[in-house]
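J.: Take this structure first; my questions come after.
The values are calculated or read from the model by the stated rules, or taken from the named source; none is laboratory data. Computed from a predicted model, the values in this text were never measured in an experiment. Counting neighbours? That spans all protein chains shown, and the Cβs are built from the backbone with ideal geometry, glycine included. The accessibility values were calculated without ligands, DNA or RNA, using every heavy atom of the protein model including side chains. Shrake-Rupley method; radii C 1.70, N 1.55, O 1.52, S 1.80 Å.
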Amino acid sequence: MTEKPIDNTTRLRLLKNAELLFAEKGFHAVSVREITKAAKCNLAAVNYHFGGKMNLYLEVFRSRWIPRARRIRHSFEAALQGLDPPFLDDVVGALAQAFLEGPLTDEERRCHSQLMYRELANPTGALDLLAEKVMQPFFMKLRNLLRPHLPETIGDDRLLLSIMSIIAMVIHFNFSREAVSRLTGRTYDAAFKARLVEHITEFSLKGLGGMNIQEQQP
């Protein structure tokens, strides 16, 4: 007997609409009925394709959020290609550029950030998934890039907190654009993004206790 083929069109509609609803309201505030209504499919479709609401939520992160995060990382790594080794300002500048000038559209950026904010505010198993697949590997990458250029007096704890602070600053300027624009009176055009990259780099180097690029040259 031939197995009935999986309806990937319905599955993709569920993922897309579930992500938008989860980003808007958070996991606990969204019902399966809302998701299936938005996706224009029957109520049983979530169980059929994902085995329940939580599995759907986790799949949103696996198949939609994590690939976007990897696109940002790839943009970061591409900016460092040919630099052997990259200096402190190269690493921080590439990180800021990947978020502020990187591959995500405005719509993707809003959904990406809202989904993460909701998860951080009310964590589920998705946070463990992101920590394992995205956050920890990226932190290790940044640590390995920054460590050779830092004084020995900067221990691992301080370095980890410093990396968190740099990422927090980058994320704030990227995902809080409306608030930043209102406070500064600037729009997020190319010139302002370049200025923010410069600011984040300068501020981070001071925080790390690192040397400027001329002092780093052999």
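J.: Of everything in the range 185-218, what is surrounded by 12 or more Cβ atoms within 10 Å (Cβ to Cβ), β-branched (Val, Ile, Thr) and at pLDDT 95 or above? Give them in sequence order. Working first, answer last.
T.: Step one: of the range 185-218, the residues surrounded by 12 or more Cβ atoms within 10 Å (Cβ to Cβ) are 186, 188, 192-205, 207-213, 216.
Now restrict to residues that are β-branched (Val, Ile, Thr): 197, 200-201, 213.
Once the filter is applied, which keeps residues that are surrounded by 12 or more Cβ atoms within 10 Å (Cβ to Cβ), β-branched (Val, Ile, Thr) and at pLDDT 95 or above, the range 185-218 yields Val197, Ile200, Thr201.
J.: Related question: Give the residues of the range 103-132 that are within 11 Å of the chain's Cα centre (by Cα), surrounded by 15 or more Cβ atoms within 10 Å (Cβ to Cβ) and not basic (Lys, Arg), sorted by residue number.
T.: Matches in the range 103-132: Leu104, Cys111, His112, Ser113, Gln114, Leu115, Met116, Leu130.
J.: Part of a loop (DSSP other than H, G, I, E, B), of a type outside the set (Val, Ile, Thr) and at pLDDT 95 or above: is that true of Ala23 in this structure? Let's see the steps before the verdict.
T.: Values: part of a loop (DSSP other than H, G, I, E, B): no; of a type outside the set (Val, Ile, Thr): yes; at pLDDT 95 or above: yes.
Here the answer is no, as Ala23 does not meet what is asked.
J.: Somewhere in the range 82-98, is a residue more than 30 Å from Lys206 (Cβ to Cβ) and not polar (S, T, N, Q)? It would help to see each step written out before you state the result.
T.: As a first pass, look at the range 82-98 and keep what is more than 30 Å from Lys206 (Cβ to Cβ): none.
Checking the range 82-98: not a single residue is more than 30 Å from Lys206 (Cβ to Cβ) and not polar (S, T, N, Q).
J.: Condition test on Gly82, is it among the small types (Gly, Ala, Ser) and within 17 Å of Asn8 (Cβ to Cβ)?
T.: On the way: among the small types (Gly, Ala, Ser): yes; within 17 Å of Asn8 (Cβ to Cβ): no.
When the stated conditions are applied, Gly82 does not pass them.
J.: Identify, by number, the condition in (1) open to solvent by less than 30 Å² (accessible area, probe 1.4 Å); (2) modelled with pLDDT of 95 or more that Leu146 doesn't meet.
T.: (2)
J.: Output the number of residues of the range 52-96 satisfying the condition of being assigned to a loop (DSSP other than H, G, I, E, B), open to solvent by less than 40 Å² (accessible area, probe 1.4 Å) and either in contact with a Leu (Cβ under 6 Å, 6 or more places away or on another chain) or not small (Gly, Ala, Ser) (or both).
T.: 3
J.: Only one of these is open to solvent by 30 Å² or more (accessible area, probe 1.4 Å) and either of a type in the set (Lys, Arg) or under 12 Å from the mean Cα position of the chain (by Cα) (or both): Met140, Met135. Name it. Write out each step before concluding.
T.: Numbers: Met140 fails: either of a type in the set (Lys, Arg) or under 12 Å from the mean Cα position of the chain (by Cα) (or both).
Among Met140, Met135, only Met135 is open to solvent by 30 Å² or more (accessible area, probe 1.4 Å) and either of a type in the set (Lys, Arg) or under 12 Å from the mean Cα position of the chain (by Cα) (or both).
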